[in-house]
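In what follows, a single structure is set out as C-alpha cells and then discussed.
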Amino acid sequence: MALQYALSGVARVGNTRSNYYNGAIVAFTINGTDRTRFVNKFECEVHDILNETPNTATLVVRGFTPTVGMAVTIRLGSTHGVPLFDGLVVSLEPVRRRTGIRVRYRLECIDWMYLLDRLLVNKDYASLSGSAIAPDLISTFTTGFTAVHVESGLATVDLPNKMERVSQALTRLANLTGAVWYIDGTKDLHFLITETATSPTALTTANKTFKRLKSHTSLEQVRTRVYVEGQGTAVRAPVSAGDTILPVETAAMFDPVGGHATVPSERLTYTAVERGADGSLVGPGVTPSSAMSPAASAGVGIESGDHVYAFTWVTGAGETLPSPLATVTHGAISGPSVAPTINSLSGNADGTTNLAIGTTYEYVYTYSAHPTPYTDLTEDTAPSTAVTYLAILAATLGVPYAQYPNIRVTASDDERVYWMHLFRRVQGVGNYQYIRSSTNATQNLVGYNAGGADLPAANATFNRSTLDGIAVGPSGTTSRKVYRTVAGGVQLKLQQTIANNTATTGTTDTTVDASLGANAPSADTSGLTQPDGQVNQGDTSLIVASTTAFLSTGGWAVIGNGEQVIRYTGHTGGALTGIPAAGVGAIVAPVSYNSTITACPMLTGIPTSGAGALTTALVPGDEINLLVVEDATAAQTALAALEGGDGIHEHYIQDRRLSLAGATVRAQAELALGSTADETVTVVSEDFNACSGRTLTVSVTGIAVTARIQQVRFHWVPGRAKVQREITATNRLKGFYQYVRDLDDKTRRVA
C-alpha cells in the first residue's frame with residue numbers, strides 16, 4: 001500500500017475547469033465584507049502546502065482598520081469563485097512608506113488549521129477503522145468542524161497518541177490507511193483514499209500555460225531496507241550475554257512468531273514470544289482426598305472396557321484438581337467356567353429337606369454384579385454347567401428322609417462380582433429356580449431349599465455405572481463435577497455435574513464415550529485454601545498447583561506481585577525444577593503455599609552467538625523495543641545492477657508509539673515512498689487546477705514523470721493577467737515534514 005499524505009489546500013471539490021475563471025480577477029473578503037478594492041493583489045501571496053503544515057496568505061490592505069482574528073477568504077473570478085484561501089488574520093503590522101501617507105496594514109493569515117489545532121489529542125485508538133477514528137478526532141478535539149466527507153471502509157489500524165496536534169494525528173492516520181485529508185472552506189474534513197478533484201493539464205510541448213520547467217533526479221535519499229523501532233518495555237531480570245531467553249515486563253508488542261528487537265547498544269532476534277500472565281498457586285493445590293465409588297451395573301450405554309472416574313469440587317471462583325482415580329470395567333461378566341460339584345451329603349433329622357427320595361435334581365450357579373443378593377437377577381451371568389444328584393434315603397431316626405447335597409461353587413476373579421446364586425431344577429424339566437446365595441468365595445452351598453425365581457434367560461451386560469462415594473466439598477463448594485475416561489483412555493472428560501454440595505451419589509452413568517465433555521482441569525482455580533506449607537530459600541524445585549502455564553523447556557516465573565523472579569529449566573510431577581540454588585533466578589526467600597506464581601513474559605529462541613545474539617549482559621529496567629525490518633527486494637536488485645553490491649540502503653525510524661502492525665505499515669510505506677530515485681519538478685503555471693495534493697504529469701523532451709504537487713505559491717505579477725503558480729512536485733509523494741527530515745538526514749551525513 002502506497003503511503004499518501006494529508007492535504008491542506010484549496011479548490012479540491014473537483015468542480016472547476018482549467019481557465020474557466022479569469023485569473024486576473026481576484027476577490028478578497030475580510031470579516032464578511034468585500035474588501036477587494038482595498039487590497040493590492042500584486043502584494044498578495046498565498047502558499048498552499050501539502051500535509052499538516054497550514055496554508056498561509058500575506059496581503060496588504062488600506063482604507064479600514066483590521067484586527068487579528070478576522071476571517072479572510074480569497075477567490076478567483078468573484079467572491080464566489082475558485083477558492084484560493086480560507087482562514088484567519090493571525091498577525092498584522094502597520095506599514096508607512098513616508099510621513100503623511102495613509103497607514104496600510106500587512107496581514108499574515110493562516111488557514112483553518114489554526115483553529116483545528118487548538119486542543120491536543122490525548123486519546124489512543126486500537127483496532128478501529130480509519131473511517132471511525134477520523135470523525136472521532138474531529139468531534140472530540142475540535143469545535144466548529146465537521147467530518148461529513150470521510151470515506152467509509154478505511155483500513156483498521158492502531159493510532160496511539162501522546163499530546164499531539166489534531167493535524168498531526170490526522171496525518172499519521174492518513175499515513176497508516178493510505179488516505180489523504182484536508183479541511184475545506186466550510187471547516188469540513190475530507191478524508192479519503194482517492195482525490196477526486198481535477199488535476200492540472202499535463203505539461204507537454206503543446207501546452208503553453210507553463211514556463212521555467214526544471215527536473216532534478218537523485219538517489220541520495222533512496223532507502224531499500226527500513227527499520228522501524230516501535231513500542232517497548234523493560235527487561236525483568238538479569239540476563240547474561242549469550243542467553244536464549246529474555247524476560248520482560250510485557251510481551252504484548254512483540255511478534256508471536258518471532259522477529260527483531262532492540263536493547264541497549266544492539267539488535268537481537270527471537271523466534272517466539274511467551275505472553276505470560278497465566279499462572280497458578282504455590283503448593284500442591286486443592287483436591288478431594290478420597291476416590292469415588294463407581295460400580296458397573298446391568299444395562300447398555302457405556303462402551304465395554306476399563307473406564308476411570310474422578311470428581312472435583314466447584315466454587316464460584318473455579319474448580320479443584322480431580323480426586324484420586326477409581327477404575328470400573330464395563331461389558332459382560334464371564335459366567336462360571338468351573339462346574340459345581342457335590343462335595344458331601346447331609347440330612348435333617350426332622351426330614352425337612354424339600355427333596356423327594358428317588359428324584360433327580362440338577363444344580364447350576366451364576367455370578368451376580370448386584371450389590372444385594374437375590375435382588376435383581378437380571379444382573380446375573382450365564383450359568384455354569386450342571387451337576388446332577390439322585391436323592392437317596394438316609395438312615396432313619398424314626399422318620400425316613402432324603403439326604404441333600406452340599407454343592408461346591410467356585411468364586412469369580414472379576415472384581416465386579418458381589419454374589420454367587422445357586423439354582424436347581426427337578427428331573428431335567430422346566431426352568432432352574434433360585435435356591436441359595438453366597439458371597440463371591442469358593443464354598444459349599446446346601447441344595448435343599450424350595451425353588452424361587454427362575455434363572456434369567458440371557459447373560460447380562462454391565463455397561464452402566466452407579467456412582468457413589470462422591471464426597472461433599474468444604475465451605476464455598478457449590479457443586480461437584482464427575483469426570484470419566486473413554487474405554488482404555490487416560491484423559492478425564494466431563495460426564496455430569498451434581499448441582500449441589502449435599503448428595504454423595506450421582507445419576508447412573510450411561511454416557512457413551514463420544515458424548516463426554518470438556519477435559520478435567522489441570523490447575524486448581526477453586527480459591528479454596530491449600531494446606532499450610534512453604535518452599536524454602538535455596539530450594540531447587542517449587543511445587544505448584546498446576547504446571548500448565550509454564551514451559552516444559554524452562555523459563556522465568558514471577559512469584560507474588562513481583563517479589564521474586566525465578567528461573568527454572570523444566571517441570572515434572574507438579575513442580576518447577578532446575579531452579580538455581582543461589583544467584584540469578586534462585587529462590588531468595590521462603591515462599592508460602594497459596595502465593596501466586598505466574599509465567600513471566602519472555603522472548604525465546606534468541607541465538608547463543610552470531611547475528612541477533614545478546615553480546616552484553618542486561619539488567620532489570622533496561623529498555624527493549626520491537627523492531628520491524630522490511631526490505632524492498634525488487635528495488636535492491638535494480639540498484640545492485642546500477643551500482644554493484646547488494647543494493648541495500650538502510651533507513652532507521654524511531655516512533656515508540658507504534659504497535660507491531662503500525663510499525664510494519666510505516667516501514668512498508670517508507671519503502672513505497674523512498675525505494676526509487678527521487679525526482680523533483682518545479683514549474684511556473686497558470687493552470688487553475690494546480691493545487692497541492694493533485695497529480696502533475698510531465699511529458700516533454702528529457703522529462704517524463706508523474707508526481708504529486710507538494711506546494712504551490714500563488715502570486716500576481718505586474719504585466720501578467722493571470723495568477724502565477726510556482727509549483728513543486730515530486731514522485732516521492734512526501735509531505736513537508738519529510739522534506740525537513742530528509743534535510744536533517746543529509747546534514748548528518750555530511751557531518
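Annotations
- Using 0.36 nm per residue and subtracting the Cα-Cα separation, the extra length available between A582 and L393 on full extension is 58.9 nm.
- Calculated [222 nm] ellipticity per residue, helices only, for the chain: -3000 deg cm²/dmol; basis is -39500 (n - 2.57) per DSSP H run with n ≥ 4, divided by all residues, nearest 500.
- In degrees, nearest ten, helix 166-177 long axis to first principal axis of the chain (Cα): 60
- The charge dipole of region 206-313, taken about the Cα centre with unit charges on the Cβ atoms of Lys, Arg (+1) and Asp, Glu (-1), comes to about 1440 debye, rounded to the nearest 20.
- Backbone phi angles across region 428-434, fed through the Karplus curve with coefficients 6.51, -1.76 and 1.60 (θ = phi - 60°), yield HN-Hα couplings of x, 10, x, 8, 5, 10, 5 Hz in residue order; Gly and Pro are listed as x.
- Between D468 and T385, the FRET efficiency estimated from the beta carbon spacing at R0 = 35 angstrom works out to 0.50.
- Based on C-alpha pairs under 8 angstrom that are at least 6 apart in sequence, the chain has a relative contact order of 20 percent.
- Each part gets one Cα centre, and for region 401-417 versus region 654-727 those centres are 106 Å apart.
- Note on region 265-398: Cα-only Rg and Dmax are 30.5, 118 Å.
- Label-to-label distance for S552 and A317 is 2.9 nm, based on points extended 7 Å past Cα in the beta-carbon direction.
- Most positive-pole-ward Cα, P521, Y182, L84, against dipole of the chain from beta carbon charges: L84
- With q set to 0.21 Å⁻¹, the log10 of I(q)/I(0) for region 534-580, from the Debye formula over equal scatterers at the Cα positions, is -0.65.
- Euclidean distance between Cα centres, region 160-237 to region 543-612, Å: 48
- Helix 736-750 and the longest principal axis of the Cα set of the chain meet at an angle near 90°.
- A viscosity of 0.692 mPa s and a temperature of 37 °C, combined with the Kirkwood radius over C-alpha pairs in the Stokes-Einstein formula, give region 341-459 a diffusion coefficient of 224 µm²/s.
- Each of T244, V226, A206 was placed along the dipole of region 203-268 (beta-carbon charges, centred on the mean Cα), and the one lying farthest toward the positive end is A206.
- Stokes-Einstein diffusion coefficient of region 617-724, Kirkwood radius over Cα pairs, 10 °C, 1.306 mPa s, in µm²/s: 87
- Protection proxy ranking for 287-296, 687-696, 139-148, using the average of other Cβ atoms within 10 Å per residue and placing the highest first: 687-696, 287-296, 139-148.
- Taking R37, R75 and counting other C-beta atoms within 10 Å, the order from fewest to most: R37, R75
- Theoretical FRET efficiency, 1/(1+(r/R0)^6), r = Cβ-Cβ of A202 and V103, R0 35 Å, to 0.05: 0.15
- More than 16 Å apart - percent of Cα-Cα pairs taken over region 118-192: 40
- For region 218-281, the ratio of Cα radius of gyration to the globular rule of thumb 2.2 N^0.38 Å stands at 1.43.
- Value of D in µm² per second that Stokes-Einstein yields for region 259-307, Kirkwood Rh from Cα pairs, at 4 °C (1.567 mPa s): 72
- Residue-count net charge about E623 - beta-carbon cut-off 11 Å; Lys, Arg +1, Asp, Glu -1: -2
- Directionally averaged projected area (convex hull, Cα atoms, the chain), nm²: 54.9
- Extended-chain gain in nm, criterion 0.36 nm per residue less alpha-carbon gap, T442 and N354: 29.2 nm
- Summary of packing: across the peptides 368-376, 244-252, the per-residue average of other C-beta atoms within 10 Å ranks them, highest first, as 244-252, 368-376.
- Between helix 660-674 and the chain there is an angle of about 40 degrees, using the helix long axis and the longest principal axis of the Cα atoms.
- Between the residues A411, T360, T385, the greatest Cα displacement towards the positive end of the dipole of region 341-459, with unit charges on the Cβ of Lys, Arg, Asp and Glu, is found for T360.
- Of all lysines in the structure, those lying under 25 Å Cα to Cα from K481, and not within fewer than 8 positions of it along the same chain, are K493.
- Nearest-0.05 FRET efficiency for A514 and Q433, computed from C-beta distance (R0 45 Å): 0.60
- Put simply, when 489-497, 658-666 are sorted by average Cβ atoms within 10 angstrom per residue, most first, you get 658-666, 489-497.
Rule-based calculations on the coordinates, nothing more; no lab input. This is a predicted model, so every value here is computed, not measured. With ideal geometry, Cβ positions are generated from the backbone for all residues, glycine too; neighbour counts draw on all protein chains shown.
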